[in-house]
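So the structure is just underneath, and the comments pick up after that.
Where a number appears in this text, it was derived from the coordinates with a stated rule and is not lab data. As the structure is a prediction and not an experimental result, all values here were calculated from the model. Here the Cβ positions follow ideal geometry from the backbone for every residue, glycine too, while neighbour counts run over all protein chains shown.
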Amino acid sequence: MELIIQNSEDNKIYDISEVVKGVTYTSNIRGGASKLSFSYIKGEGTEFSNGSVVRFKYNGNPIFFGYIFSSERNEGDMISVVSYDQMRYLKGKDTMILKEETLSTLTKKICDKFML
């Protein structure tokens, strides 16, 4: 198992594979966002901000790429994290009024707005 975090505050990359104590991966076959929850033992400089990138591999196979949405400290130095993949952003609701746009221009504007 490999769990890598890229901190959104300083862009540093951390391999926390050795301190992870539990991982749960949930995927929605009907187009919902995938979710990766995990707990790890906090070390110096390993408290990550919302928006930090999460990469998870199992047996060398990429399983999850997403972003931290919430984290909380449990008893002692354990931190629980919930992250979602990019599909979470497409579940958002917003309104845009666009006139005479091509489909490719419209798609680019939506992706730019949600930083996809």
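Can you give me the angle between helix 103-113 and the longest principal axis of the chain, using Cα atoms only, in degrees from 0 to 90, rounded to the nearest 10?
Helix 103-113 and the main axis of the chain meet at about 40 degrees.
Net charge near residue 19, counting Lys/Arg +1 and Asp/Glu -1 over other residues with Cβ under 13 Å of its Cβ?
Summing Lys and Arg as +1 and Asp and Glu as -1 gives -4.
My understanding is that a pair violates if its Cα-Cα distance is over 24 Å; which of 35/109; 35/113; 57/113; 57/108; 21/57 do that in this structure?
Table pairs above 24 Å Cα-Cα are 35/109; 57/113; 57/108.
Among [x] 1.03; [y] 1.83; [z] 1.24, which is the computed Cα Rg over 2.2 N^0.38 Å?
Looking at Cα Rg over 2.2 N^0.38 Å for this model, the match is [z].
Give me the net charge of residue 96's neighbourhood, meaning all other residues with Cβ under 10 Å from the Cβ of residue 96; Lys, Arg count +1, Asp, Glu -1.
0
Sum -39500 (n - 2.57) across every DSSP H segment of at least 4 residues in the chain, then divide by the residue count to get the 222 nm mean residue ellipticity, nearest 500.
-3500 deg cm²/dmol
Which distance in nm do the two modelled labels at residue 24 and residue 86 give, with both placed 7 Å along the Cα-to-Cβ direction?
The answer from the label model is 2.7 nm.
How high is the relative contact order of the chain? Use alpha-carbon pairs under 8 Å, at least six apart in sequence, and give a whole percent.
Working: 202 pairs, mean separation 26.8, N = 116.
It comes to 23 percent, rounded to a whole number.
R0 = 25 Å: FRET efficiency of residue 102 with residue 65, Cβ-based, nearest 0.05?
Numbers: r = 29 Å, r/R0 = 1.15.
Between residue 102 and residue 65 the formula returns 0.30.
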